[in-house]
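Before any comments, here is the structure.
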Amino acid sequence: MKIAIIKERKNPPDKRTVLPPHICRELMKEYPQLTIKVESSEDRVFSDDDYRKEGIEVTSDISDCDVLLGVKEVPIDNLIPNKKYFFFSHTIKKQAYNRKLLKAVLEKKIELYDHEVVVNADGIRLVAFGRYAGIVGTYNAFRTYGLKHNLYQIPKANVHFDQNELVDELKNIQLNPFKIVLTGTGRVGNGAKEILDAIPIKQVSVDAFLNETFAEPVYVQIDVLDYAKRKDGKVIDVFDFFKNPHEYENNFERFTTVADMYIAGHFYSEGSPEIISEEMMLNPDFKISVIADISCDLNVPIASTIRSSTIENPIYGYNRFTNEETDYHSPMAIAVMAVDNLPCELPKDSSDGFGENFAKYVIPAFFNNDKNGVLQRALMTKHGKLTDRFSYLQDYVNQEK
């Protein structure tokens, strides 16, 4: 069996990779029947020579490989027919901008496995960059806070080599007492928590956060039942929220009157209540001046996330009285950090973490007849058709525009 790590061709260039050099070496040792090739790239965080040093062939021709591994979407012109591909296709939510890509995958009779749906039997994702989004997003939140209030200046995350350098940078900041609210307890939220704990920032309870004053920076990490409540007043569990999101309403406003910074690392699904609405921001007691929206769902559930931002220009201002973009330094503005590809700023660490899980959960499936169904669940297309699991995308594929 031959696997190729393909060159990332989407712009702006992405330096991440599915399998770093040392993991390639370990896999070829563990599976003697496996050959791994690497398509030459000048952008990848690991150089061609890094792979060659581990005994991995670097080439410009991967046409003889069976499975092609990438991170971002593959440009249509670069898709090789009748191959198996792994990459983030960004089509499972019927994203209009990638409809042509999915059509091309079908026309070229490609077997597409989307990283986003590499899940276990319970639907839990097995490979993801979420932890690193949380790590980088939290660093960016502190950078934004310093720039917004002219307190300090730190460089962008992408000038640092790894997570340790990010933490060292943040430890050098002199912070006045302020309060941070963090939503989410999954990969993203816990990645954010990792940075907050490393600085360190003191974690406090919801009750203490809402009602007490502190002489040092503090944060609270909250889950769905802290920022949403059932309309009928019942308290059930998080599974009820996920099953019946329409039965819930916002309970986050109480945090907006005491928090200075909001780090959004939650998962949002259609039908869930807003977290910060336009009306909520008109409250004279609204205090949040910086929102680091790592989840980056446009317009909902956070009204100030009117667009995604970029690594080059990560911050914009949102005038909470006019609902329009403005200079983030303006006294009327909330400073918004809404970069939608945060792990790209820490390519080595994020590639290492992703690669470890890909090697642990995905590669074995090719050699054990997919006994755990990992490949079957992730397979979106086969023989020019959508698989049953993704047949709901047929109307999306059929649309002309």
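Screening the chain for whole DSSP H helices with an alpha carbon extent of at least 18 angstrom along the helix axis and a mean Kyte-Doolittle hydropathy of at least -1.0 yields 130-148.
Which FRET efficiency value, to the nearest 0.05, is calculated for Thr213 and Asn398 with the Förster distance at 60 angstrom and r the Cβ-Cβ distance? The calculated FRET efficiency here is 0.55.
With contacts taken as Cα pairs under 8 Å and at least 6 residues apart, the chain reaches a relative contact order of 18 percent.
Of all aspartates and glutamates in the structure, those lying under 18 Å Cα to Cα from Lys103, and not within fewer than 8 positions of it along the same chain, are Glu73, Asp77, Glu111, Asp114, Asp388, Asp395, Glu400.
Across region 83-235, Cα-Cα distances exceeding 22 Å account for 58% of all pairs.
Using all alpha carbons of the chain, what is the percent of pairwise distances in each 10 Å bin, ordered from the shortest bin to the longest? Result, from short to long distances: 5, 21, 29, 25, 15, 5, 0 percent.
Each part reduced to its alpha carbon centroid, region 6-34 and region 73-147 end up 16 Å apart.
Highest mean first, the peptides 162-171, 373-382, 191-200, 278-287 sorted by other C-beta atoms within 10 Å per residue fall in the order 191-200, 373-382, 162-171, 278-287. Listed peptides 24-31, 201-208, 133-140 appear in the order 133-140, 24-31, 201-208 once ranked by packing, highest mean of other Cβ atoms within 10 Å at the front. Between Glu324 and Arg254, residue separation times 0.36 nm minus the direct Cα-Cα distance comes to 22.8 nm. For region 305-401, what class follows from the C-alpha gyration tensor (a ≥ b ≥ c being the square roots of its eigenvalues): rounded when a/c is under 1.5, otherwise prolate if a/b is larger than b/c, else oblate? Oblate, since a/c reaches 1.5 and b/c is not below a/b. Relative protection proxy for 231-237, 87-93, 263-269, from highest mean packing down: 263-269, 87-93, 231-237 (other beta-carbon atoms within 10 angstrom).
Treating each Cα of region 130-345 as one equal point scatterer and applying the Debye formula with no solvent, the log10 of I(q)/I(0) at q = 0.17 Å⁻¹ comes out as -1.22. Between the residues Ile154, His266, Asn357, the greatest Cα displacement towards the positive end of the dipole of the chain, with unit charges on the Cβ of Lys, Arg, Asp and Glu, is found for Asn357. A straight Cα-to-Cα reach below 18 Å connects Lys231 with the lysines Lys243, residues fewer than 8 places away in its own chain not being considered. Reported to the nearest whole Å, the Cα centre-to-centre distance from region 220-249 to region 318-363 is 26.
Normalised by the number of residues in region 228-330, the mean separation of alpha-carbon contacts (under 8 Å, six or more apart) gives a relative contact order of 22 percent. Working from Cα pairs under 8 Å separated by at least six residues, relative contact order for region 1-116 is 26 percent. Label-to-label distance for Asp388 and Ile80 is 3.1 nm, based on points extended 7 Å past Cα in the beta-carbon direction.
Converting the Cα gyration tensor eigenvalues of region 208-306 into ellipsoid dimensions via √(5λ) gives semi-axes, longest first, of 22, 17, 13 Å.
The numbers here are math on the coordinates, done by the rules we state, and not lab data. Remember, it's a predicted structure, so these values are computed and weren't measured experimentally. Every residue, glycine among them, receives a Cβ derived from its backbone with ideal geometry; neighbour counts consider all protein chains shown.
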